[in-house]
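Asks: My questions all concern the structure below.
Just so it is clear, none of the values below were taken in a lab; they were calculated from the coordinates. Quick caveat: nothing in here was measured; it's all calculated off a predicted structure. Cβ atoms come from the backbone with ideal geometry, glycine included; neighbour counts cover every protein chain shown.
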Amino acid sequence: MNDIIAVIGFGSNQSLLKEVNELIDRFKIKFFQGGILKDKKEQESILEFVKANLPESIEKNFIKKHCSEIVNTLMDAGINENLERRSTIRIFGDPPGTYGAGVDLALKASAWKDEKDLAKIFIYFSSHAYGKDLYGKRYRHEFVENVNQSKISYDLSNSKRLDIFSCSFGASVNGGFSLIKKVMKGKEMKQYHGSREDINQIKVSTLKDKIEESLEKTLFNPLWKETVKEKGYRGASEFMQKMQNIFEWQCLTDKLNDHDLDRLVEEYINDPEMREWFNQHNYFAIEEIARRFLELHQRGKWEADPDILDSLKMSYIQIEGNLEENIGEAKGEIQGGTVEIITDRDIKEWQEKLKEIDI
């Protein structure tokens, strides 16, 4: 077996890390670590996994094989210093003292034109290496080569309180991995999700199946929906957050099917009673939700049912009218359904930061 596994680390569960250490002795596993683990002082004892110097042939030692390939990639890029150490870097994350992969901010601001833009942003924010003598220094070539060598990404959750739509970080990282591989190699990253709600059993699903499962348990679950509605303003904000994260998952991975997106629009936007509920409790939330679905369609990420799309457009006109009426004499412009795309090509400072990332 010479598949390479990319693991996304969110915490410092010691029993899990012990299991991972045993795997790393024989297989190449790359961690993308979350900010909390990254900033813990104890990290040094758990991050130095790579064993590339065992007296074995590359046919038996996959770590050694892939380290050799990374060395060749670095030399092709004109890098000739400290090659042995650089080829064994396996732990990457965002810069010291910061959190997030950057991609979520670009998506929320509509600050991207195509998938290449998103891949560049992910590389810029996420290629900081961690381990002995590496704390937070950017190693772009090493990060990209590790991702391109990887065939699988794996994410793990361990709480029933949160699902895959509760936070945008998983979408940013899983999606970032997928985009790098797709944009630079034209290949698909196989993606899986593990649920460790029962400490004695890990349930592993494809990412697509996990997304569908989360939809059925929450947004398509009438009991869950009514429970959230009881929270009023906070409930509307919770609906909006989940829809924002669905928007990010779809932009980055294309794992939601059109039928499910159609259903979400019908149940949460085109339904008159639901629109009225949002208008009473949080009219900004329903405007954000509707606008994101319009953006998904405009960007070719959702092939909507024509009748549902027509209804969405009519619903948005009503939502926008209600918003203008509710905010009264507030100054400033309302964005409306227009998607204004701004990228690094439009902002000089941003362009300077991303110019070294050639995709």
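Asks: As a footprinting exposure proxy, order 302, 112, 224, 350 by other Cβ within 10 Å, with the fewest listed first.
Replies: 224, 350, 112, 302
Asks: Residue 137's amide H: which non-local residues (gap 5+, or another chain) put their own amide H closer than 5 Å, with H modeled 1.01 Å from N in plane and none for Pro or chain starts?
Replies: Hits under the 5 Å cutoff: 129.
Asks: Starting from 0.36 nm per residue, how many nanometres of slack lie between residue 339 and residue 99 once their C-alpha separation is accounted for?
Replies: Full-extension gain reported as 83.7 nm.
Asks: Quick one: of 120/348; 242/353; 116/181; 120/182; 187/242, which pairs are farther than 19 Å apart, Cα to Cα?
Replies: The pairs that break the limit, which is 19 Å between Cα atoms, are 242/353; 187/242.
Asks: Okay, moving on. Rounded if a/c is under 1.5, else prolate if a/b is larger than b/c, else oblate: which is the stretch 55-140, with a ≥ b ≥ c the root eigenvalues of its Cα gyration tensor?
Replies: prolate
Asks: Something else: Report the full-extension gain for the segment residue 310 to residue 162: residue separation times 0.36 nm, less the Cα-Cα distance, to one decimal in nm.
Replies: Full extension of this stretch gives 49.9 nm more.
Asks: How about the stretch 141-191: which GluC sites (Glu not before Pro) there lie in a loop by DSSP and see at most 11 other Cβ atoms within 10 Å? Intermediate values should be presented prior to the final figure.
Replies: Values: sites: 142, 145, 188; in loops: 188.
Qualifying residues, ordered by number: 188.
Asks: Taking a ≥ b ≥ c as the square roots of the eigenvalues of the Cα gyration tensor of the stretch 157-254, is the shape rounded (a/c under 1.5), prolate (a/b larger than b/c) or oblate?
Replies: Oblate.
Asks: Testing the spin-label approximation: label points 7 Å from Cα along Cα→Cβ at residue 185 and residue 327. State their distance in nm.
Replies: So the label points at residue 185 and residue 327 sit 4.5 nm apart.
Asks: Quick one: 240, 75, fewest Cβ neighbours within 10 Å first, how do they rank? Kindly include the intermediate steps, with their values, before the conclusion.
Replies: Numbers: 240 20, 75 11.
Ordered from fewest to most neighbouring Cβ atoms within 10 Å, 240, 75 come out as 75, 240.
Asks: Just to confirm the filter: which GluC sites (Glu not before Pro) across the stretch 266-332 are DSSP coil and have at most 16 other Cβ within 10 angstrom of their Cβ? The partial results should precede the final answer.
Replies: Working: sites: 266, 267, 273, 276, 287, 288, 295, 303, 320, 324, 325, 329; in loops: 303, 329.
Sites meeting the loop and neighbour criteria: 303, 329.
Asks: Moving to a separate point now. Between residue 349 and residue 226, what is the spin-label point distance in nm, taking each point 7 Å from the Cα along the Cα→C-beta axis?
Replies: About 5.1 nm, to one decimal.
Asks: Collect residues whose amide H, placed 1.01 Å from N in the peptide plane, falls under 5 Å from the amide H of residue 153; neighbours closer than 5 in sequence don't count.
Replies: Those qualifying (amide H under 5 Å, at least 5 residues apart or on another chain) are 6, 190, 191, 192.
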